[in-house]
Amino acid sequence: MPRNIRHYLPSLLVALVVAAPKAALAGNIAYQAAARAYLAAAVQPWMTDPTIIAAVKAQNAAFATISQADIVGWDREWRAENANGGGPLIEELLSRRLSGWLRARQSQSQGVISEIILTDNHGLNVAQDVATTDYWQGDEDKFLLTYAADSKSWFIAPPERDESNMLMDVQASIAIRDATGARIGTLTVTLRLDAL
């Protein structure tokens, strides 16, 4: 290695170490800003849609007296059906009119939205555009940092690579509220960063 390069190598390494976190922070700010702008323009109006509010409230009323054992049992059943390529619980939920409405919104997004999940006040799925891996979202950040935390803002998770297509996705979640401002459920939208 030439002597003059060796002389500057320690300084160069320090500069790279300092620059890496700054670049990561800038990337984090950029994807967060892009996601928030898209959500405000394209998704925020859904949160007051009477169809969504009515469906979530109806499930909350129907499940008012369920136990944690019920939730765990349904989630276990859903996971088993999912592993077997489908079943009555998954088919019933995907055939709901609101699930069809969500599929239409996903299709209209021109590839920006890859998944939409609507849950009740327990974190159980009310409607979704595609079959999720589980039925209960109540033990995940998408529910814990929105509904359970009584937050009024979007929780945007760190980006993750979708192993099925190697594209970068980011999940954004928010608590759904009724006309009185009371929390009734959550909405989670997975965005494709490449399309965004």
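The values are calculated or read from the model by the stated rules, or taken from the named source; none is laboratory data. The structure presented is a predicted model; accordingly, all values stated were derived computationally and were not measured. Reconstructed Cβ throughout: ideal geometry from the backbone, glycine too, with neighbour counts over all protein chains shown.
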| remark: Conditions (1) closer than 19 Å to THR133 by Cβ; (2) within 17 Å of the chain's Cα centre (by Cα) -> LEU94 fails only (2)
| request: Taking LEU191 as the residue in question, decide whether it is buried (at least 17 other Cβ atoms within 10 Å of the Cβ), over 27 Å from ASP70 (Cα atoms) and touching a residue at least 12 places away in the same chain (Cβ under 8 Å). | output: yes
| request: Working only within the stretch 113-130, note down all residues that are under 16 Å from TRP74 (Cβ atoms) and either at pLDDT below 95 or charged (D, E, K, R) (or both). | output: ASP120
| Looking at ALA172, is it at pLDDT 95 or above, more than 11 Å from the chain's Cα centre (by Cα) and aliphatic (A, V, I, L, M)? | no
| query | List pairs: first in the stretch 92-115 and part of a helix (DSSP H, G or I), second among the acidic types (Asp, Glu), Cβ under 6 Å, 6+ apart or cross-chain? | reply | LEU102/ASP129; ARG103/ASP129; GLN106/ASP129
